[in-house]
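Undergrad: If you scroll down you'll find the structure; I have some questions about it.
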Amino acid sequence: GIQWLSSAVWLVFGNLYPAYYSYKAVKTKNVKEYVRWMMYWIVFALFTVVETVTDLTIAWFPLYYEIKVAFVIWLLSPYTRGASVIYRKALHPLLSSKEREIDDYIVQAKERSYETMVNFGKQGLTIAATAAVSAAVKSTSAPAQTCNTSRK
């Protein structure tokens, strides 16, 4: 039904169409189009996060999927330039005011993730070494099996 159609529209017009035109902007080195599509992708990323939550909480709302389809078309429309409007009026001012905090958080997250990976790596090596030693001990302490090769 409408949920499938909404997903198809979202896939084609929310992802594939903008991806292709982003490619064209890169290929032609058209700075105006670079800016347009970068604004789109920033808005789209935020909307994807919001959509994940709303799909779980208010998808039951009448016309929910129709509104999502209309929103994607509004974002892309060269007449409404919805992505540009949202970016310029809301996201750019918000990100500019929070940029230092976001950058600090990202640095801290990278440091924490590096430390976490190092700790996991150490734990993995410890587990592997313990397993190897355990296997070696078992193989040396196992009673030797003798082959009976005597002939009569």
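Undergrad: Chymotrypsin sites (Phe, Trp or Tyr not before Pro) within segment 79-140: which are DSSP loop residues with at most 14 other Cβ atoms inside 10 Å?
TA: Those satisfying the criteria are Y79.
Undergrad: Still on this structure, I have one more. Treat each spin label as a single point 7 Å out from the Cα along the C-beta direction, and report the E115 to A70 distance in nm.
TA: Taking the two extended label points, one gets 4.9 nm.
Undergrad: Then there is this: Under a straight-distance cross-link criterion of Cα-Cα below 29 Å, which lysines are reachable from K32, leaving out those fewer than 8 residues away in the same chain?
TA: Straight-distance partners of K32: K24, K68, K89, K98.
Undergrad: What angle do you read, to the nearest 10 degrees and between 0 and 90, between the alpha-carbon axis of helix 17-28 and the longest principal axis of the chain?
TA: For helix 17-28, the angle is close to 90 degrees.
Undergrad: Follow-up question, since we're still on this one. Quick check: pseudo-label points 7 Å beyond the Cα along Cα→Cβ at A135 and D55, how many nm apart are they?
TA: For the pair A135/D55, the computed spacing is 4.1 nm.
Undergrad: Mind putting a number on the dipole of segment 2-114 about its Cα centre? Charges go on the C-beta only, +1 for Lys and Arg and -1 for Asp and Glu, and I need it in Debye to the nearest 20.
TA: That gives segment 2-114 a dipole magnitude of about 520 debye.
Undergrad: Gaussian network model of the chain, Cα springs within a sub-10 Å range: biggest mean-square fluctuation belongs to which of T52, T130, T28?
TA: T130
Undergrad: Continuing with this model, one more query. For segment 2-114, with the dipole built from +1 on Lys and Arg beta-carbon atoms and -1 on Asp and Glu ones, taken about the Cα centre, which of Y64, S77, T28 lies farthest toward the positive end?
TA: T28
Undergrad: If you don't mind, there's one more thing I want to ask. What percent does the relative contact order of segment 2-114 come to when contacts are Cα pairs within less than 8 Å and at least six residues apart?
TA: Over segment 2-114, the number comes to 30 percent.
Undergrad: How are the C-alpha pair distances of segment 2-114 spread across 5 Å bins, as whole percents from the shortest bin up?
TA: Computed distribution, short to long bins: 2, 10, 16, 20, 17, 15, 12, 6, 1, 0.
Undergrad: From the phi angles alone, apply the Karplus equation (6.51, -1.76, 1.60; θ = phi - 60°) to segment 112-127 and give each ³J(HN,Hα) in whole Hz, x where the residue is Gly or Pro.
TA: Coupling constants for segment 112-127: 5, 5, 5, 4, 5, 5, 4, 4, 4, x, 4, 4, x, 5, 4, 5 Hz.
Undergrad: Moving to a separate point now. Compute the label zone of L5 within segment 44-83: residues whose backbone N is under 13 Å from the point 7 Å along Cα-to-Cβ.
TA: 63-70
Undergrad: Then there's this: Calculated from DSSP H runs of 4 or more alone, at -39500 (n - 2.57) each and per residue, what is the 222 nm mean residue ellipticity of the chain, nearest 500?
TA: -26000 deg cm²/dmol
Read-outs throughout are calculated quantities, based only on the coordinates presented, and are distinct from any laboratory measurement. Quantities reported herein were computed from a predicted structural model and do not represent experimental measurements. Ideal geometry is used to build each Cβ from the backbone, glycine not excepted, and the neighbour counts take in all protein chains shown.
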